[in-house]
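**Q** Please see the structure below; I have some questions.
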Amino acid sequence: MLIVTTEHVAGYETVETLGMVRGATVRAKHVGTDIVAALKSIVGGELSGYSSLMAGAREQALDRMIADADAMGADAIVCMRLQTSTITRGASEIVAYGTAIKLKRKSGL
């Protein structure tokens, strides 16, 4: 699945717009991660437990968006975006969304 943040995929033309696709996940922090983060904030540096949590959440949201696009028969997703929001204290939602399209390679390429 081609995924781009732009409106067009270089070397291809859009032959059909299938509609919006999305994938979301909500993740909560672990109390152990909070303790390590609190200690780490004293000396500074990356909070790797949170970084890992958010990386996993982004991948799951992307996987779910791709599954949505596959179900529509899409070749690509354009205008892809990621958005996050706080659901409640200690839990965040990540949403991946974009527009599913069908492609055709431009002639002469």
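The values are calculated or read from the model by the stated rules, or taken from the named source; none is laboratory data. This is a predicted model, so every value here is computed, not measured. Reconstructed Cβ throughout: ideal geometry from the backbone, glycine too, with neighbour counts over all protein chains shown.
**Q** Can you pull out every residue in the stretch 84-109 that is closer than 21 Å to D63 by Cβ and either at pLDDT below 95 or among the β-branched types (V, I, T) (or both)?
**A** Once the filter is applied, which keeps residues that are closer than 21 Å to D63 by Cβ and either at pLDDT below 95 or among the β-branched types (V, I, T) (or both), the stretch 84-109 yields T84, S85, I87, A91, S92, E93, I94, V95, T99, I101.
**Q** Is it true that L2 is of a type outside the set (G, A, S) and at pLDDT 80 or above?
**A** Spelling it out, L2 is indeed of a type outside the set (G, A, S) and at pLDDT 80 or above.
**Q** Now a separate question. Just for the stretch 92-109: of the residues that are within 17 Å of the chain's Cα centre (by Cα) and surrounded by fewer than 18 Cβ atoms within 10 Å (Cβ to Cβ), which one is farthest from R22 (Cα to Cα)?
**A** Ranking the candidates gives E93 first.
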